[in-house]
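All remarks here apply to the structure that follows.
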Amino acid sequence: SQQGEEDPQALSIQEGENATMNCSYKTSINNLQWYRQNSGRGLVHLILIRSNEREKHSGRLRVTLDTSKKSSSLLITASRAADTASYFCATPPNSGNTPLVFGKGTRLSVIA
Amino acid sequence: SQTIHQWPATLVQPVGSPLSLECTVEGTSNPNLYWYRQAAGRGLQLLFYSVGIGQISSEVPQNLSASRPQDRQFILSSKKLLLSDSGFYLCAWTTGGDTQYFGPGTRLTVL
């Protein structure tokens, strides 16, 4: 079953603008992760935010988590053409060996 | 450092032919291993995962199977491919932490 759902499905912005993607999930989580996938490539882990954290930064990335609303957002500041990719949120339904459940992703296009 | 390999990178197969995709991980021991499939422009569908040699959990009933003959080797197979098996197949690993690390993927086209 789908745990995370990203919104919007697709986003097109100009280089230098900020890009915001949202993720909603259904059940309680220990953490939420964001991944990036360039076209035709594997996914790359970007950032993990734990359930007791509200905000986390990594370079031009800012992730927020609102456990009361069961939602997270990924903000990419000062976007670049190289940021063009699909972005997925993922949550572990349970701890331990249970695989991550991925959303369908947001396709970001940054136009130079 | 850990690396993950998948081969082949691309594959074109006729309907009804067999399939064998291989995934190997280097630089770690006793990883959890995963096979995902991604249809064009879609999200990831978990197919199989394994927590140890010979231990396979199937998430989606279909004509695919998986095996783990060695600690760091994960194989995805089919005896007879269907058109619907076309897609992008991704292998991933983790060692008990929450982050998964993905291979480069195999693009399978069934004609």
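Could you tell me the convex hull volume per residue, in Å³, taken over the Cα atoms of the stretch B:1-77?
Numbers: hull volume 8.4 nm³, N = 77.
Enclosed volume per residue, from the Cα hull, is 109 Å³.
State, in square angstrom and to the nearest 100, the accessible area buried between chains B and A, both chains counted, probe radius 1.4 Å.
1500
Ordering B:72, A:62, B:37 from largest to smallest accessible area (1.4 angstrom probe), what's the sequence?
Result, largest first: B:72, A:62, B:37.
Send over the Kirkwood Rh of the stretch A:1-84, from the inverse of the averaged 1/r over different Cα pairs, rounded to one decimal Å.
Kirkwood hydrodynamic radius for the stretch A:1-84: 13.5 Å.
From the square roots a ≥ b ≥ c of the eigenvalues of the alpha-carbon gyration tensor of the protein assembly as shown, which class results: rounded (a/c under 1.5), prolate (a/b over b/c), or oblate?
Here the protein assembly as shown falls in the prolate category.
Rounded to a whole number of µm²/s, how large is the Stokes-Einstein D of the stretch A:40-89 at 37 °C and 0.692 mPa s, given Rh as the Kirkwood radius over C-alpha pairs? Write down the numbers at each step before the final one.
Working: Rh = 12.1 Å.
Answer, rounded: 270 µm²/s.
Using Cα pairs under 8 angstrom and six or more residues apart, how large is the relative contact order of chain B, in percent?
With pairs under 8 Å counted, the relative contact order is 36 percent.
Would you mind telling me the share, in percent, of accessible area of the stretch B:14-110 contributed by carbon and sulfur at probe 1.4 angstrom?
50
Determine, from the Cβ-Cβ distance of residue A:27 and residue B:22 and an R0 of 35 Å, the FRET efficiency 1/(1 + (r/R0)^6), rounded to the nearest 0.05.
Efficiency for this residue pair is about 0.55.
Can you list residues whose amide H is under 5 Å from residue A:104's amide H, if they're 5+ apart or on another chain and H is modeled 1.01 Å from N?
Correct list: A:6.
Hey, what do the phi angles of the stretch B:37-45 turn into as Karplus ³J(HN,Hα) couplings, whole Hz, using 6.51/-1.76/1.60 and θ = phi - 60°, x for Gly and Pro?
Karplus values, whole Hz, x for Gly and Pro: 10, 10, 6, 3, x, 10, x, 8, 10.
³J(HN,Hα) across the stretch A:43-49 via Karplus (A = 6.51, B = -1.76, C = 1.60, θ = phi - 60°), whole Hz, x for Gly/Pro?
Each residue's phi maps through the Karplus curve to give 7, 10, 5, 9, 6, 10, 10 Hz.
Within 10 Å of each Cβ in peptide A:43-53, how many partner chain Cβ atoms are there on average? Round it to a whole number, please.
That works out to 2 on average.
Sort B:81-91, A:44-54 for me by packing, meaning the mean count of neighbouring Cβ atoms within 10 Å per residue, highest on top.
For the peptides B:81-91, A:44-54, the packing ranking is B:81-91, A:44-54.
Report the FRET efficiency, 1/(1 + (r/R0)^6), for residue B:84 and residue A:111, where r is their Cβ-Cβ distance and R0 is 41 Å, rounded to 0.05. Write out the running numbers ahead of the final one.
Numbers: r = 35 Å, r/R0 = 0.84.
Once rounded, the FRET efficiency stands at 0.75.
What accessible surface, in Å², does a 1.4 Å probe find on residue B:53, ignoring ligands, DNA and RNA and rounding to the nearest 10?
Roughly 100 Å² of residue B:53 is accessible to a 1.4 Å probe.
The values are calculated or read from the model by the stated rules, or taken from the named source; none is laboratory data. The structure displayed is predicted, hence computed values, not measured ones. Every residue, glycine among them, receives a Cβ derived from its backbone with ideal geometry; neighbour counts consider all protein chains shown. Note: accessible area is taken over every heavy atom of the protein model, side chains too, but ligands, DNA and RNA are not part of it. Shrake-Rupley method; radii C 1.70, N 1.55, O 1.52, S 1.80 Å.
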